[in-house]
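**Student:** One structure, pasted below without further comment.
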Amino acid sequence: MMKLTTRANVACLALFATFAATDAVLADDNKLEQLKEQGFARVAIANEPPYTAVAADGKVSGAGPDVARAIFKKLGVPDISASISEYGAMIPGLQAHRFDAVTAGLFMKPERCSAVAYSEPILCDSEAFLVKKGNPKGFKEYKDIARDANATVGVPGGGVQEKMALAAGVPRDRVVVVPDAQSGLKMLQDGRIELYALPVLSLNDLKKKSGDETVEVVAPVADAPVGCDGTAFNKADTALRDAYDVELAKMKKSGEFAKIIEPYGFSAQVAMSTSRDKLCSGK
């Protein structure tokens, strides 16, 4: 009798576990249906052209949002609704379900890959420095900043640039977090920082729009790897991520992907030459 009871308990527990797993899958699968009914996906962006951009009238563009908008439409979600966020707040916001996705040049790193579910690569870029004309101190890598006891570098909060500077040995008090690209440029112009770090396409766009010939872009940064972003989803929404990846792969194969991102200066071929698994492994 005892053996029968034990077996019955085991069977009940197994059945419960099956139901729980099924419920989790259904909740995951229902995410896309929820977005379809909602009519839009809430995405987090940074106002950092050419990755993302917000016009004076509030219209959102840039390579990342344009790709996301196209893919969500193919999935039956008519539009995206974007919110500007600091990089350091994007993943917590995604985990707290304040956003449905992040499409903002949030480069894949092993620690980020453990926190969110990334799509396959979308936008790839190398790192750069914005410095005074002539690069008077000859900054070529983050280690150069660490070796100069007086050098201060501006970085976006929570971005890979902040982490690379600290990892290279730049003291915390010489790594200055700035809220946006315009602030970084102004701080460099005013002499409050000696260089500003961002991806090369972002700095090229910033310099071009500013018309300031007293600054120049140094690229690529010698001790910084080429990075790629992907659209990031909550770990609970892997079915949505997988559906997104299917449409992304179709766009890459058809050439539609290249037509969207290459006018912004990004290379479709570079994004197609690597993978999420490779980037998330950090190798």
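We did not get these values from a lab; they are worked out from the coordinates using the rules stated. Just so you know, these numbers come straight off a predicted model, no measurement behind them. Note that we place each Cβ from the backbone using ideal geometry, even for glycine, and neighbour counts take in every protein chain shown.
**Student:** Using Cβ counts within 10 Å as a stand-in for footprinting exposure, how do 51, 118 rank, fewest first? Each step should come with its number before you reach the end.
**Tutor:** On the way: 51 27, 118 24.
The most exposed by this proxy come first: 118, 51.
**Student:** Taking H placed 1.01 Å from N in the peptide plane, check which residues at least 5 places from residue 198 or on another chain put their amide H under 5 Å from its amide H.
**Tutor:** When sequence neighbours closer than 5 places are left aside, the close amide H contacts are 128, 130.
**Student:** Also, I was wondering about something else. Under a 10 Å cutoff between Cα atoms, tell me which one of 180, 57, 66 has the largest fluctuation in the Gaussian network model of the chain.
**Tutor:** 57
**Student:** In addition: Ranked by Cβ crowding within 10 angstrom, fewest neighbours first, how are 69, 42, 172, 98 ordered? Write out the running numbers ahead of the final one.
**Tutor:** Numbers: 69 22, 42 17, 172 8, 98 14.
Listing 69, 42, 172, 98 from fewest to most nearby Cβ atoms yields 172, 98, 42, 69.
**Student:** Report the charge-dipole magnitude of the range 81-146 in Debye, nearest 20, computed about the Cα centre from +1 at each Lys and Arg Cβ and -1 at each Asp and Glu Cβ.
**Tutor:** The dipole of the range 81-146 has a size of about 360 debye.
**Student:** Explain nothing, just compute: Karplus ³J(HN,Hα) = 6.51 cos²θ - 1.76 cosθ + 1.60, θ = phi - 60°, for every residue of the range 207-223 in order, whole Hz, x for Gly and Pro.
**Tutor:** Per-residue couplings from phi come out as 5, 4, 6, 6, x, 8, 8, 8, 10, 9, 9, 9, 7, x, 6, 4, 9 Hz.
**Student:** Shifting gears a bit: Provide the per-residue ³J(HN,Hα) series for the range 106-121, in order, calculated from phi with Karplus coefficients 6.51, -1.76, 1.60 and θ = phi - 60°, each as a whole number of Hz, with x at glycine and proline positions.
**Tutor:** Couplings: 7, 4, 6, 9, x, 5, 6, 5, 7, 9, 9, 9, 7, 6, 5, x Hz.
**Student:** Only Cα pairs within less than 10 Å get springs; with that Gaussian network setup on the chain, which residue of 96, 232, 146 has the largest fluctuation?
**Tutor:** 96
**Student:** Still on this structure, I have one more. Among 195, 106, 166, which one shows the highest mean-square fluctuation when the chain is modelled as a Gaussian network with alpha-carbon springs under 10 Å?
**Tutor:** 166
**Student:** What ranking of 119, 81, 61 emerges when the number of other C-beta atoms within 10 Å of each C-beta is taken as an exposure proxy, fewest first?
**Tutor:** Numbers: 119 25, 81 13, 61 17.
Arranged by neighbour count, lowest to highest, 119, 81, 61 become 81, 61, 119.
**Student:** Skipping prolines and chain starts, which residues have an amide H placed within reach, meaning under 5 Å, of the one on residue 81, given they are 5 or more residues away or on another chain?
**Tutor:** Counting only residues 5 or more places away or on other chains, the set is 41, 42, 43.
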